[in-house]
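Some notes on the structure that comes next.
The values are calculated or read from the model by the stated rules, or taken from the named source; none is laboratory data. What you see is a predicted model; the values in this text were computed from it and never measured. Cβ placement follows ideal geometry from the backbone for every residue including glycine, while neighbour counts extend to all protein chains displayed. Surface areas here come from the heavy atoms of the whole protein model, side chains and all, with no ligands, DNA or RNA. Shrake-Rupley method; radii C 1.70, N 1.55, O 1.52, S 1.80 Å.
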Amino acid sequence: MTKEEVAQVLEEIGELLDIKGENPFKVRAYHNAARALAGTDRDIGDLVATGDLRTIKGIGEGIAEKIAELVRTGHLKYYEELKSTLPSGITNLLAIPGLGPKKVKKVCDALGISTVGELEYACNENRLVELEGFGARSQEKILEGIAYLKKSQGQFHIDFALQNAGALLEKIKGFKGVARAEIAGSLRRGKEVVKDIDIVAATARPGPLMEFFASLPVVDSVIAKGETKTSIRLKSGMNADLRAVSEEEFPFALMYLTGSKDHNTTMRGIAKKAGYKLNEYGLFKGERKTPCKSEEDIFAKLGMAYIPPEMREDAGEIAAAEEGKMPDLVEENDIRGLFHVHTTASDGTATLEQMALAAKKLGCAYLGIADHSRSARYAGGLDAADVKKQHKEIDALNGKLSGLILLKGIESDILPDGSLDYPDSVLASFDFVIASIHSKFNMTEAEATKRLVKAMKNKHVTMLGHPTGRLLLSREGYPVDMRQVIDAAADLGVAIEINAHPFRLDLDWRLVHHAKEKGVKIAINPDAHSVEGLKDVSYGVGIARKGWLEVKDVVNAWPLEKVRKFLASRRA
Ligand code: DGT
Ligand code: CA
Ligand code: ZN
């Protein structure tokens, strides 16, 4: 079993115990252990073999034994028994936004419901209206939640998709006769969620490649298999399409299959205006093919600058490329430091020093620590004394480390009235403050907007954290007028974060572009809760690129001196 699969089982045990109404500490222990496991970069087999599991914070003795059993045998008796006490698939109900474990238990017991479809049917028959603990409003909310779930079904987070796609691509590239292969589709465009994996390969012998692809060990079933195109369903639940083309056609097929569809349509129009025909097979003048070795060549033949895949959304990029007004997009290599990093002082799984050393290894020149503030009790938020203690530790480490500077920050909760979580005297002791909403999401759009804008007016606030609170594919953010928030950020000189966690990617890229135009600075923040989590910044860079950002727009692509000036300017 892989680390991810073990973590998945632990999560499910936590959910099952929760539905059964077990003690919350026990429930949390499983969720914490799952997270701790996901956060370590050690090999799971190795951890079990060496007995090092217990050294990971968040994994106690009982759970360590269960993990060992899973890894050694592929089964866990405790888990099997637990599952047999509840209808199978019942944890799927937890995916409905607004439906917690207590309510799941209730509908299961009272109405004999164990699937999302059954619950939807029951709502349509108004069976929740009279049910104790529910009611008309709650039934309506559940129906809305189910609608959201359905919309997001068949879509996947990019970290998961990239993992799947990367493994496939490696196999395809290694197959005999494959000259080139690339990921295309929404994944290449860096979309925040994707439906499937698209891969294009250049080969003179497509037949054997199709055979090979359809019989990979990760394949669950073959959806369709043709001479040059095969669709498979992976054991992981995702679908993947492979298209084989000749080397000559490769750049055209790659461009076509990268999309987006709207971008392609506009590009075809541009080609037509220039007297060409552009499609997935080539760029034609009459019957004559125009040879192109790369996408760069195709754009050049059409008199355009190269458009990076992330920008291909038909959102003005084609005009920019024609007019030679393309932005010089920020790259992962441009990132010089990271903000929004949690440690064991609140709910992280690695210590301050471990995070610092890991960031240094990744090439960071500075690292902004931002644990949770005191209201976030569930996450071990820091009180004023904890803050002092952490600042001493940071000073000590800064004296000891070379090549990395730790910045003192906090992720301060924005309270329901828009005030922050500490008095100004405490806020003044930080180098930077990220202000985020973590509680009372049930607001009208006007209330949420007012709450955020008021928080930004505090001169100690450097940046806004995950501005809408959305969790991709599981929770829509609170309703907020982001354009008004962006205007306020521009006025006040407050930066906005792109939270790079693949479940958030919040600020949304469509609004990133808008924020840039208003002159708002953006921080690409990993929101790391573990050493591994630091690397999530790469997903945020993709979103920044989709939002047309350049180095000048991205706070953590600046050298430390410039960052310090920016931080000081807010308080001046
Ligand atoms: P997804 O899979 O929903 O996350 O998004 P995409 O963009 O990967 O969409 P997909 O997989 O259906 O198709 C891959 C690309 O192929 C798409 O971005 C553009 C191209 N494509 C597919 N269907 C059409 C079409 O009907 N017309 C044009 N112009 N392009 C298409
Ligand atoms: Ca696709
Ligand atoms: Zn947060």
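Find the residue count for segment 61-73, including only residues that are touching a Lys or Arg at 6+ places or on another chain (Cβ under 8 Å) and either open to solvent by less than 20 Å² (accessible area, probe 1.4 Å) or outside any helix (DSSP H, G or I) (or both).
Looking only at segment 61-73, we keep the residues that are touching a Lys or Arg at 6+ places or on another chain (Cβ under 8 Å), and these are 61, 64, 69.
Next, only the ones that are either open to solvent by less than 20 Å² (accessible area, probe 1.4 Å) or outside any helix (DSSP H, G or I) (or both) stay: 64.
Adding up the residues that qualify gives 1.
May I ask you to list the residues in segment 285-328 that are under 14 Å from H513 (Cα atoms) and not in a loop (DSSP other than H, G, I, E, B)?
Answer for segment 285-328, where residues must be under 14 Å from H513 (Cα atoms) and not in a loop (DSSP other than H, G, I, E, B): E310, M311, E317, A320.
Does segment 241-254 include one or more residues that are within 9 Å of ligand 1 (Cβ to nearest atom) and surrounded by fewer than 19 Cβ atoms within 10 Å (Cβ to Cβ)?
Within segment 241-254, the first condition is being within 9 Å of ligand 1 (Cβ to nearest atom), and the residues that meet it are 241.
Then drop every residue that is not surrounded by fewer than 19 Cβ atoms within 10 Å (Cβ to Cβ), which leaves none.
Within segment 241-254, none of the residues are within 9 Å of ligand 1 (Cβ to nearest atom) and surrounded by fewer than 19 Cβ atoms within 10 Å (Cβ to Cβ).
Kindly list the number of the only condition in (1) open to solvent by less than 40 Å² (accessible area, probe 1.4 Å); (2) under 30 Å from M355 (Cα atoms); (3) modelled with pLDDT under 95; (4) not basic (K, R) that fails for E5.
(1)
Among all residue pairs at least 6 apart or on different chains, which show Cβ distances below 7 Å where the first residue, located in segment 168-196, is touching a residue at least 60 places away in the same chain (Cβ under 8 Å) and the second is among the hydroxyl-bearing types (S, T, Y) and within 13 Å of ligand 2 (Cβ to nearest atom)?
A184/T258; G185/T258; R188/T258; R189/T258; R189/S260
Can you tell me which residue in segment 161-201 is farthest from ligand 3 (Cβ to nearest atom), limited to those that are closer than 22 Å to R510 by Cβ and open to solvent by 60 Å² or more (accessible area, probe 1.4 Å)?
K195
Taking the condition in contact with a Lys or Arg (Cβ under 7 Å, 6 or more places away or on another chain) and either open to solvent by 40 Å² or more (accessible area, probe 1.4 Å) or in a strand (DSSP E or B) (or both), does G154 pass?
Working: in contact with a Lys or Arg (Cβ under 7 Å, 6 or more places away or on another chain): yes; either open to solvent by 40 Å² or more (accessible area, probe 1.4 Å) or in a strand (DSSP E or B) (or both): yes.
Against the criterion (in contact with a Lys or Arg (Cβ under 7 Å, 6 or more places away or on another chain) and either open to solvent by 40 Å² or more (accessible area, probe 1.4 Å) or in a strand (DSSP E or B) (or both)), G154 qualifies.
Anything in segment 223-269 that is in a helix (DSSP H, G or I) and in contact with an Asp or Glu (Cβ under 6 Å, 6 or more places away or on another chain)? List them, or say none.
The first filter runs over segment 223-269 and keeps only residues in a helix (DSSP H, G or I), leaving 250-258, 261-269.
Of everything in segment 223-269, those that are in a helix (DSSP H, G or I) and in contact with an Asp or Glu (Cβ under 6 Å, 6 or more places away or on another chain) turn out to be P251, F252, A253, L254, M255, Y256, L257, D262, H263, T266.
Each row is one residue, and each column tells you yes or no for (1) closer than 30 Å to T351 by Cα; (2) away from ligand 3 (no atom under 16 Å from the Cβ); (3) in a helix (DSSP H, G or I).
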{"site": "L452", "(1), (2), (3)": "no, no, yes"}
{"site": "G469", "(1), (2), (3)": "yes, no, no"}
{"site": "D491", "(1), (2), (3)": "no, yes, yes"}
{"site": "I496", "(1), (2), (3)": "yes, no, no"}
{"site": "A523", "(1), (2), (3)": "yes, no, no"}
{"site": "S530", "(1), (2), (3)": "yes, no, no"}
{"site": "I543", "(1), (2), (3)": "yes, yes, yes"}
{"site": "W548", "(1), (2), (3)": "no, yes, no"}
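Just need a number here: residues in segment 447-478 that are hydrophobic (A, V, I, L, M, F, W, C), more than 16 Å from ligand 1 (Cβ to nearest atom) and open to solvent by 10 Å² or more (accessible area, probe 1.4 Å).
We begin by selecting, within segment 447-478, every residue hydrophobic (A, V, I, L, M, F, W, C); these are 448, 452-453, 455-456, 461, 463-464, 471-473.
From what's left, more than 16 Å from ligand 1 (Cβ to nearest atom): 448, 452-453, 455-456, 461, 463-464, 471.
When the remaining residues are screened for being open to solvent by 10 Å² or more (accessible area, probe 1.4 Å), the result is 453, 471.
Qualifying residue count for the region: 2.
Do the conditions hold for G226, that is, is it away from ligand 1 (no atom under 14 Å from the Cβ) and among the small types (G, A, S)? Give the steps one after another, and end with the answer.
Numbers: away from ligand 1 (no atom under 14 Å from the Cβ): yes; among the small types (G, A, S): yes.
The answer is yes for G226.
Looking only at residues that are open to solvent by less than 10 Å² (accessible area, probe 1.4 Å) and among the small types (G, A, S) in segment 534-572, which one is farthest from E192 (Cα to Cα)?
Residue satisfying both the conditions and the ranking: A557.
Is one or more of the residues making up segment 195-218 over 25 Å from K151 (Cα atoms) and within 12 Å of ligand 2 (Cβ to nearest atom)?
Within segment 195-218, the subset over 25 Å from K151 (Cα atoms) is 200-218.
Add one more test, that the residue is within 12 Å of ligand 2 (Cβ to nearest atom), and what stays is 200.
Within segment 195-218 (the criterion being over 25 Å from K151 (Cα atoms) and within 12 Å of ligand 2 (Cβ to nearest atom)), the answer is yes, since at least one residue qualifies.
Only one of I270, I232 is closer than 27 Å to A165 by Cβ and either out of contact with any His (no Cβ under 8 Å at 6 or more places or on another chain) or free of Cβ contacts under 8 Å to residues at least 60 places away in the same chain (or both); which? Even if it seems obvious, please write down each step before you answer.
On the way: I270 fails: closer than 27 Å to A165 by Cβ.
Residue meeting the stated conditions: I232.
Determine the pairs where a residue that is within 14 Å of R268 (Cβ to Cβ) and at pLDDT 95 or above, located within segment 293-308, has a partner that is in a helix (DSSP H, G or I) and open to solvent by 60 Å² or more (accessible area, probe 1.4 Å) with Cβ atoms under 8 Å apart, the partner being 6 or more residues away or on another chain.
Listed pairs, sorted by first residue: M304/E322.
Name every residue in segment 209-220 that is modelled with pLDDT of 95 or more and either assigned to a strand (DSSP E or B) or loosely packed, with under 14 Cβ neighbours inside 10 Å (or both), in order of residue number.
Matches in segment 209-220: E211, S215, P217, V219.
Of all the residues that make up segment 80-100, how many are in contact with a Leu (Cβ under 6 Å, 6 or more places away or on another chain) and within 15 Å of V9 (Cα to Cα)?
1
When both residues are 6+ apart or on different chains and their Cβ atoms are under 9 Å apart, which pairs have a first residue that lies in segment 424-444 and is under 21 Å from E476 (Cα atoms), and a second that is open to solvent by 20 Å² or more (accessible area, probe 1.4 Å) and small (G, A, S)?
Pairs found: H438/S375; S439/S375; F441/G477.
Only residues that are assigned to a helix (DSSP H, G or I) and open to solvent by less than 60 Å² (accessible area, probe 1.4 Å): list them for segment 111-135, please.
At the first step, the residues of segment 111-135 found to be assigned to a helix (DSSP H, G or I) are 111, 116-124.
Across segment 111-135, the qualifying residues are L111, V116, G117, L119, E120, A122, C123.
Residues being in a helix (DSSP H, G or I), in contact with a helix residue (DSSP H, G or I) (Cβ under 7 Å, 6 or more places away or on another chain) and either modelled with pLDDT of 95 or more or among the basic types (K, R) (or both): count how many of those fall in segment 35-60. Walk me through how you get there before you give the answer.
First pass over segment 35-60, keeping only residues in a helix (DSSP H, G or I): 35-39, 44-50, 52-55.
With in contact with a helix residue (DSSP H, G or I) (Cβ under 7 Å, 6 or more places away or on another chain) added as a condition, the list becomes 37-39, 44-45, 47-48, 53-54.
Adding the requirement that they be either modelled with pLDDT of 95 or more or among the basic types (K, R) (or both) leaves 54.
So the answer is 1.
Looking at D371, D334, D347, which is the one that is in contact (Cβ under 8 Å) with a residue 40 or more places away in the chain and crowded, with 19+ Cβ neighbours inside 10 Å?
Working: D334 fails: crowded, with 19+ Cβ neighbours inside 10 Å; D347 fails: crowded, with 19+ Cβ neighbours inside 10 Å.
So the residue among D371, D334, D347 that is in contact (Cβ under 8 Å) with a residue 40 or more places away in the chain and crowded, with 19+ Cβ neighbours inside 10 Å is D371.
Among the residues of segment 224-233, are any within 16 Å of ligand 2 (Cβ to nearest atom) and crowded, with 23+ Cβ neighbours inside 10 Å? Lay out the reasoning, then the answer.
The initial filter retains those residues of segment 224-233 that are within 16 Å of ligand 2 (Cβ to nearest atom), namely 224, 229-233.
Restricting the remaining residues to those that are crowded, with 23+ Cβ neighbours inside 10 Å gives 230, 232.
Yes - at least one qualifying residue is present in segment 224-233.
Step by step: first the residues of segment 350-362, then only those that are under 22 Å from the mean Cα position of the chain (by Cα) and modelled with pLDDT of 95 or more, then the one that is surrounded by the most Cβ atoms within 10 Å (Cβ to Cβ). Which residue is that? Even if it seems obvious, please write down each step before you answer.
First, the residues of segment 350-362 that are under 22 Å from the mean Cα position of the chain (by Cα): 350, 355, 358-359, 362.
Within this subset, residues satisfying the condition of being modelled with pLDDT of 95 or more are 355, 358-359, 362.
On the way: M355: 26, A358: 21, A359: 24, L362: 16.
Residue satisfying both the conditions and the ranking: M355.
For segment 412-431, does any single residue satisfy the condition of being surrounded by 21 or more Cβ atoms within 10 Å (Cβ to Cβ), farther than 17 Å from S375 by Cβ and within 16 Å of ligand 3 (Cβ to nearest atom)?
Looking for residues that are surrounded by 21 or more Cβ atoms within 10 Å (Cβ to Cβ), farther than 17 Å from S375 by Cβ and within 16 Å of ligand 3 (Cβ to nearest atom), one finds none in segment 412-431, hence no.
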